[in-house]
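A quick write-up on the structure given underneath.
What follows draws every value from the coordinates through simple rules; no lab data is involved. Keep in mind that what you see is a predicted model, and the values were worked out from it rather than measured. Reconstructed Cβ throughout: ideal geometry from the backbone, glycine too, with neighbour counts over all protein chains shown.
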Amino acid sequence: MNGGVDEIMATCPLKHEIRVNLWRPFILKLRKRPITYLTLYSPPIMDVKLLQHHGLIEVNNEKYLGVVGVGINTESEADTVTNLDKRLDLLLSGDINTLINGTKASKKAKQLDEKFPFDVINLDYTDPLHKYGMDRELSPHVEAIANIFKKQDKGKIDQFALFLTTFTRIEAYRPDFIEYLKGIVEENINNTPNFKQKLFDVSGCENLNDYYNKSTNDCFAVAVTKMILKLMSDYNYTLAAGDIQWLVRDAVPPERNMLHLAFHIKRFVAPKIVEKRNIGNRKNNVEHKSVEFLREDYLKLKESTDRDRLNEVHLEQINSFNQKTFELKIPEPEN
Amino acid sequence: MQETNSQSIPIEVSSRILRHISRGIYRSPAGALKELVSNSYDAGAKKVTINTGYPVIEKIIVTDNGRGMDDKKFRDIITQIGFSEKNIGEEIDVIGSSKHTRRKTIGHYGIGFLAIGQLAKKATIVSKTKNSLNGIRATLDFDQFETHRTDGKQRSRAIDESRIEKGDKNRSRVAEEKFNIGECLIESIRYGREYKEESFTRVELSEIRDDVQRQIAGSTTSKLLPDAQDQKSYSASFEDILKLLREKEKQSSEVRLNNQKVPRLREYFYEMLLWELSVYSPLPYPDDDKLKSKLQHFVGLANKSEFELVVDGFKLTKPYEEWFWEKKNGFATKIFKWENEKYYNDYRASAYLIYQPGTMIRPKALQGILVRENSVAVGLYDTTFLSYPFNEGTKFNSLTGEIFASGLAGAMNVDRDSFNQTAEEYMALTEWFHEKLYSDVFPEIKKFQKTTESPSRIKSANLVEDVLNIIAQPGENITKVEFKSLGKTEKRRVKTVGKKLIINSDHKDCDMSVAKREKLIFATTLIIQGYITDDIFEKVSDEIERSKIKAKNA
């Protein structure tokens, strides 16, 4: 393994907690097994091993059926094969956004496109959604998320789970994008009285600037959620359930906050007008759904306080998954 | 913790072997890897894994669960490369076999280790035997390579032979015929008590040679065709690879580069490596009921050694797939079998040949005959059928098979990838096999072709019928065209019956060779569209026939 992020992914009990107690429960909401799964992997590919361990992913003699992995480069492709006991149904290297947004002239983009729709899509990004200095108005990440909804809709899938992970150091973002996100929250405050009320209840803030200054990361998380809700509504999807969790890497400065979002998404079916209260309520209006993402305390997993506790819970499983590769293992000598 | 006891010893080989190493004694990386697999097989391993690290190929790691080597055995091997006595055919136990399987060894370690020198500059070998807490770690460093960095990876390339020989004059020469080709550092290592029962060998190759990396990853293509990696197909299983190779060779493909069309020639080298390994290695056949029922004896021969090879997660088997047994153009495959026959003194051979009428064996690499000594292939499929002396035309393209023979060890060349053609055992085997081809196979195929409509003729007739029925639209003189057997005595080529045109499939002018097919389409179109009648067509055709005979006689 090439160290860095891969090493963390292979050993970090906090990340494993996210896999076990955020991702897996959301997959169970689909009430379907085996699932098809698109993952933006890191070579240890622990998510696939965990889901297979729980019977959510099917395997045969040679491969993980219905599992597609996209890694950053050929090095990660080689590392992934090394770290797996079987082949994935499709393993691609390259930028996920380019592959999703790409034309079919690219064989890889075409191969990926042919695998849609998926029951579960895991966009486990480790970078900002719209990088500072990026000379593009539309972020490739956001474009990719929109294209995912488009492809899922084209594939006629009625429900699926979407996981999105991103890095939330505001300075690392393009300022326009932050303004765009702030605008989204402001819109909610202005248009949804419930949102405004709940915002006040949980934070004591009445306007966007107060909330942003008081809880920048939480404001960011709610805004990103709202953005995704809007993107899904364009393809007639709506939210059945969602959750926000934070993974805070504070063992070594500077502190890094990784936002983990999980969504259970369903096809929007307009209610029949059989009662008066449904009149005018037949639109897939996702605005009010942002309210449920406002909370006083989000689940925060911190390296400084939670690592040891979670190591006790997950270490054995992490080690056993790391041992699960196609290669014969030889023991380490004492000297 | 025990103190490390390490010692450096030179790696020495005979001058004969030296020349082979620097030129490369194996025809491909797969040939060299096969040697390491053979070492594992001879060590009684049930399983071998190879991690090539494709597509980067920074290291290649071969691990087995065989009996391993202790310090003494390893030293014996490394100091006697090219001099060690052959131990081919020795009966050994398969380690950990619940069925107490035994197998015959297929190689000799020393030569096998030379394979390392063809793939990489450096190798680290870790090995341990059962009932011992001691193991060895040996680091081999071959001198005939120079290192450099490419794309951030440490790689090596061979330096030329004359430099090695020149260097040797100034170096320690142990004996007249020995050359020093590098260093081997051996350390003893110690394992915890819990591992006492375990035995294994792990060979980690590093500083992989440039040309090896290129040959496996096809990165020459990447340089030539920047989008090559992007355009490659991914294979999830070994069956996918076989399918890919079969389908890819049917169509040539090209890309535009600097406004020029460039053929994609080196796209699937990695897949070919796996294919070659699957052919070379003593592997079982795939678990396929049809195959088991058709080639039971051979499945038994291949499967008895309990051996598994996994490369990069691909579980390799002999390269057959279900598709292979399907009818092609409506014809079932024909199988010829000879089981356990004496071919020379007490040496025995079993062989089978599969004939696929009217189609070529795909992938092309499967065409020919493969010779196995104790289940391990010597070379790849031979399309000359061991230099069969008679021309049988395209029938060879429709044949594939294997010979499982004993007693060929002495007839193999040093690369163990080809035979010394003058060796008596090999000559006897060739004679035995050619006699089968001459007496059993080709007469049977010819008989089959005479008594059965040839698939290519059927295909051709269908094409003619389809074309003519498109032309014979309602409103034309003829609205339906069909081939019909009118008997050998019927002299007419075509006959109209109402609005139907019948083509006499028994007439020699309608036998559907390409030239005759085009002529027939042209002439019958004239009839369909009312430019001539069937009688005029017959009259003119007879006249042409008579003129041809006259011209011939004149």
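Per residue, the average separation of C-alpha pairs within less than 8 Å and at least 6 apart gives the range B:490-550 a relative contact order of 24 percent.
If the Kirkwood radius is taken over C-alpha pairs of the range B:276-391, then at 4 °C and 1.567 mPa s the Stokes-Einstein diffusion coefficient equals 84 µm²/s. Net charge of the neighbourhood of A:Glu179, taken over other residues with C-beta under 13 Å away and scored Lys/Arg +1, Asp/Glu -1, is -2.
Of the two radii for the protein assembly as shown, the radius of gyration is 1.06 times the Kirkwood radius, both from the alpha carbons; that is the Rg over Rh value. The orientation-averaged shadow of the Cα convex hull for the range A:123-235, equal to a quarter of the hull surface, comes to 7.6 nm².
Note on the range B:255-375: dipole from Cβ charges, positive end direction compared against B:Tyr320, B:Gln296, B:Ser281; the farthest Cα belongs to B:Tyr320. In vacuum, with every alpha carbon of the range A:1-79 counted as one equal point scatterer, what does the Debye formula give for log10 I(q)/I(0) at q = 0.14, 0.23, 0.28 Å⁻¹? Two decimals, please. So the normalised log intensities work out to -0.47, -1.17, -1.40. Based on every Cα atom in the range B:313-370, Rg and the maximum pairwise Cα distance Dmax equal 14.6, 43 Å.
If you model the range A:60-141 as an ellipsoid using its alpha carbon gyration tensor, with each semi-axis the square root of five times an eigenvalue, the axes come out at 25, 15, 12 Å, biggest first. Would you please classify the overall shape of the range B:409-554 from the alpha carbon gyration tensor, given that a ≥ b ≥ c denote the square roots of the eigenvalues, rounded means a/c under 1.5, and beyond that prolate means a/b larger than b/c while oblate covers the rest? The shape class here is prolate. Toward the positive end of the charge dipole of the protein assembly as shown, with +1 on the Cβ of Lys and Arg and -1 on the Cβ of Asp and Glu, the farthest Cα among A:Ile8, A:Asn147, A:Leu88 is that of A:Asn147.
Each semi-axis of the equivalent ellipsoid for the range A:205-335 is √(5λ) with λ an eigenvalue of the Cα gyration tensor; in descending order they amount to 41, 23, 12 Å.
In terms of its C-alpha gyration tensor, the range B:315-474 comes out prolate, because a/c is 1.5 or above and the ratio a/b outweighs b/c. Note on B:Glu91 and A:Arg136: the model spin-label points, each 7 Å out from Cα along the C-beta direction, lie 6.8 nm apart. Per-residue ellipticity at 222 nm computed for the protein assembly as shown from its helices equals -11000 deg cm²/dmol, with DSSP H segments shorter than 4 residues left out and the rest contributing -39,500 (n - 2.57). What the Cα atoms of the range A:107-187 give is an Rg and a Dmax of 14.5, 42 Å. For B:Lys484, a cut-off of 15 angstrom between C-alpha atoms picks up these aspartates and glutamates, skipping any fewer than 8 places away in its own chain: B:Glu453, B:Glu465, B:Asp466, B:Asp506, B:Asp509, B:Asp511.
Counting only Cα atoms, the size of the range B:40-80 along its three principal axes is 36, 24, 13 Å, in decreasing order. Modelled this way, with points 7 Å down the Cα-to-C-beta line, the labels at A:Arg307 and A:Asp176 are 3.9 nm from one another. Across peptide A:321-331, the mean count of Cβ atoms from other chains lying within 10 Å of each residue's own Cβ comes to 6. Listed cross-link partners A:Lys324/B:Lys318; B:Lys447/B:Lys495; B:Lys364/B:Lys488; A:Lys49/B:Lys104; A:Lys29/A:Lys49; A:Lys156/A:Lys302 are compared with a 29 Å cut-off, the Cα-Cα value being larger for B:Lys447/B:Lys495; B:Lys364/B:Lys488; A:Lys49/B:Lys104; A:Lys156/A:Lys302. With only Cα atoms counted, the range A:282-335 has Rg and Dmax values of 21.6, 71 Å. Towards the positive end of the charge dipole of the protein assembly as shown, with charges on Cβ (+1 Lys, Arg; -1 Asp, Glu), say which of B:Ala554, A:Met258, B:Ser375 has the farthest Cα. Highest projection toward the positive end goes to B:Ala554.
Look at the Cα gyration tensor of chain A: its axes a ≥ b ≥ c give a/c of at least 1.5 with a/b over b/c, and that counts as prolate. Between A:Ala251 and B:Lys516, the modelled labels are 8.2 nm apart [label points 7 Å from Cα along Cα→Cβ]. Taking every residue in A:80-93 and counting other chain Cβ atoms within 10 Å of its Cβ, the average works out to 4.
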